[in-house]
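Visitor: My questions will all concern the structure given below.
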Amino acid sequence: MKPFVSIIIPTFNRGHLLGETLESVLAQTYSNWECIIVDDGSADATDELMEFYIAKDFRIQYYHRPEERPKGANTCRNYGLTQSSVRNIIWFDSDDLMTPD
């Protein structure tokens, strides 16, 4: 089934918070979504954390900001939008938490 909603999350050195954010997304009662995380060049353990979540759920996608694009959360959001398969977007930050419903 094609996702109806894309959750786009930019991140930078927030591996210590991102797991809790993704757990809140996974706990949703609504399941027709994709979650796109775009890393802005993290130097922490974000890559390793994302390997775990990509293996845990196929709806989670992980990208790195292309080198030729300027740094910043807005650039990452815009890049995430280009990777989205739908146009119903939820903009999230790497420390936001979703309620279950």
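Visitor: What's the ranking of 2-15, 82-95, 25-38 by average number of surrounding C-beta atoms within 10 Å, highest first? Don't jump to the answer; show the numbers that get you there.
Guide: Working: 2-15: 19.5, 82-95: 14.3, 25-38: 17.4.
Top of the packing list down: 2-15, 25-38, 82-95.
Visitor: Give the carbon-plus-sulfur fraction of the accessible surface of the chain in %, rounded to a whole number; probe 1.4 Å, heavy atoms of protein chains only. Walk me through the numbers on the way to the answer.
Guide: Working: 3070 of 5610 Å².
About 55 percent, which is the carbon plus sulfur part of the accessible surface.
Visitor: In terms of the ratio Rg/(2.2 N^0.38 Å) built on C-alpha atoms, what value belongs to the chain? If you can, show how the numbers build up before the last one.
Guide: Values: Rg = 12.5 Å, N = 101, 2.2 N^0.38 = 12.7 Å.
Working it through for the chain, the quotient is 0.98.
Visitor: Counting only residues 5 or more places away or on other chains, whose amide H sits under 5 Å from the amide H of ILE7 once H atoms are built in the peptide plane?
Guide: Sorted by chain and number, the residues that satisfy this are GLU34, CYS35, ILE36, ILE90.
Visitor: Still on this structure, I have one more. When the Cα centres of segment 1-49 and segment 72-87 are compared, how far apart do they sit, in Å?
Guide: Centre-to-centre distance over Cα atoms comes out at 13 Å.
Visitor: Quick check for you: with a 1.4 Å probe and neighbouring chains kept, what is the accessible area per residue of segment 1-46, in Å²?
Guide: Dividing the accessible area of segment 1-46 by its residue count gives 42 Å².
The values are calculated or read from the model by the stated rules, or taken from the named source; none is laboratory data. Predicted model only: the values in this text are computed from it and were never measured. Cβ: placed from backbone, ideal geometry, glycine included. Neighbour counts: every protein chain shown. Remember, those area values only see protein heavy atoms, side chains included, never the ligands or the DNA or RNA. Shrake-Rupley method; radii C 1.70, N 1.55, O 1.52, S 1.80 Å.
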